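Notes to accompany the following structure.
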Amino acid sequence: MARCDVCFRHCELRDGQTGPCGARAAEGGEVRPVYYGKVSALALDPIEKKPLAMFHPGSRILSVGMLGCNLHCPFCQNHEIAQRGGGEFPADTRDLSPAMLAEMAEGCRDLGNIGVAYTYNEPLVCWEYVHDTAKLVHEKGMLNVMVTNGCAELGILEKLLPYIDAMNIDLKGFTDRYYSEILGGDRKMVMDFIREAAKHCHVELTTLVVPGENDSEEEMRELSQWIAGLPEVSGGRQGREIPLHISRFFPRYHMAGKKPTDVKKIYSLVDIARENLLYVYPGNC
Ligand code: SF4
Ligand code: SF4
């Protein structure tokens, strides 16, 4: 049996067995990423789409996705790639080595590209590819952005921090019940990840508000108070300067039958978060 140390599940896998993230499998007594260099999505996106509001606004970033995710959000808008994997190699992925991706990023400089964003699925389930690519992207004088659920051990974060310039991390709610029962995640692990990442690079956070699940005023008050209280933030900033994106839910995947979040609800939660934070942005409104 081999043990994976990426996330709170700490899966013990037999040779040939894949973890529930669908993206890491045991081979020769070690757990390795299944989709290293297998790219499922590639686009030159506006940086605001990550979303990052206060990191090189107006620029574009070459955004890359692979397959798999260690959470199982029932509303996942990228479920076609994030909830897929399991060791299979779908025909619609393409091989792109770290060197090829870094060169491609450099080739898009004239189009306003500032670097590479690891996004769409959960990049941490293939953190080795992020690490190797990000290093090469830095060597070309360009930047790296990671868009993540933040559900990973601090040891993995430490390996990536020297190469990651900005992150958007999901703080999907502020109750253990929501994280464990609805998303299949671990809130404490995400909070520890955010606390550590914010010390070292530009961090923005995103909360997707799902009606009846994480939309109470009390929860948003507690969530924003916790962010504001973060003691150490990169660039000499304070916790209350961390940008928070409060986004509207749209019916998707296993929650296709639910109604979208009321726009008024988003704006009222934005007002509550602004009691504690300086930069709060409504999303998808
Ligand atoms: S990343 Fe995947 S294999 Fe590793 S512990 Fe998490 S779910 Fe298990
Ligand atoms: S963390 Fe993101 S990619 Fe993973 S299942 Fe949830 S919404 Fe999808």
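The values are calculated or read from the model by the stated rules, or taken from the named source; none is laboratory data. Since this is a predicted model, take the numbers as computed values, not measurements. Here Cβ is always computed from backbone atoms with ideal geometry, including for glycine, and neighbour counts include all displayed protein chains.
General remarks:
- Count of region 203-226 residues, restricted to those that are crowded, with 19+ Cβ neighbours inside 10 Å and either touching a Lys or Arg at 6+ places or on another chain (Cβ under 9 Å) or acidic (D, E) (or both), is 11.
- Subset of region 160-187 that is under 16 Å from the mean Cα position of the chain (by Cα) and of a type in the set (D, E, K, R) - its residue that is farthest from H56 (Cα to Cα): D186
- In region 4-31, the residue that is farthest from Y120 (Cα to Cα) out of those that are surrounded by 15 or more Cβ atoms within 10 Å (Cβ to Cβ) and more than 15 Å from ligand 2 (Cβ to nearest atom) is L13.
- Restricting V210, V263 to residues that are within 20 Å of the chain's Cα centre (by Cα) and farther than 24 Å from C7 by Cα narrows the list to V210.
- Taking (1) closer than 17 Å to T148 by Cβ; (2) assigned to a loop (DSSP other than H, G, I, E, B); (3) more than 16 Å from ligand 1 (Cβ to nearest atom) in turn, G58 satisfies each apart from (1).
- Criterion (crowded, with 24+ Cβ neighbours inside 10 Å and either within 16 Å of ligand 1 (Cβ to nearest atom) or modelled with pLDDT of 95 or more (or both)) met by exactly one of N70, N113: N70
- Test: residue in region 174-185 that is surrounded by fewer than 21 Cβ atoms within 10 Å (Cβ to Cβ), at pLDDT 95 or above and within 16 Å of ligand 1 (Cβ to nearest atom): yes
- Against the criterion of being surrounded by fewer than 22 Cβ atoms within 10 Å (Cβ to Cβ) and away from ligand 2 (no atom under 16 Å from the Cβ), G155 qualifies.
- Looking across region 88-99, the residues that are exposed (fewer than 15 other Cβ atoms within 10 Å of the Cβ) and either free of Cβ contacts under 8 Å to residues at least 12 places away in the same chain or more than 14 Å from A134 (Cβ to Cβ) (or both) come down to E88, F89, P90, A91, D92, R94, D95.
- Residue among R177, R195 that is part of a helix (DSSP H, G or I), touching a Leu at 6+ places or on another chain (Cβ under 7 Å) and basic (K, R): R195
- For region 122-152, the candidate set comprises residues that are more than 12 Å from ligand 1 (Cβ to nearest atom), assigned to a loop (DSSP other than H, G, I, E, B) and in contact (Cβ under 8 Å) with a residue 24 or more places away in the chain; within that set, the residue that is farthest from D95 (Cα to Cα) is G150.
- Odd one out for E80 among (1) in a helix (DSSP H, G or I); (2) touching a residue at least 40 places away in the same chain (Cβ under 8 Å): (2)
- Residue tally, condition more than 16 Å from ligand 2 (Cβ to nearest atom) and either touching a Ser or Thr at 6+ places or on another chain (Cβ under 8 Å) or small (G, A, S) (or both), over region 47-58: 3
- Among all positions in region 122-136, there is no residue which is at pLDDT 95 or above, within 16 Å of R60 (Cβ to Cβ) and either buried (at least 19 other Cβ atoms within 10 Å of the Cβ) or out of contact with any Cys (no Cβ under 9 Å at 6 or more places or on another chain) (or both).
- Taken over region 1-30, residues that are under 11 Å from G68 (Cβ atoms) and more than 7 Å from ligand 1 (Cβ to nearest atom) amount to 3.
- Qualifying residues in region 81-103 (those that are touching a helix residue (DSSP H, G or I) at 6+ places or on another chain (Cβ under 9 Å) and closer than 30 Å to P260 by Cα) - the one nearest to ligand 1 (Cβ to nearest atom): G85
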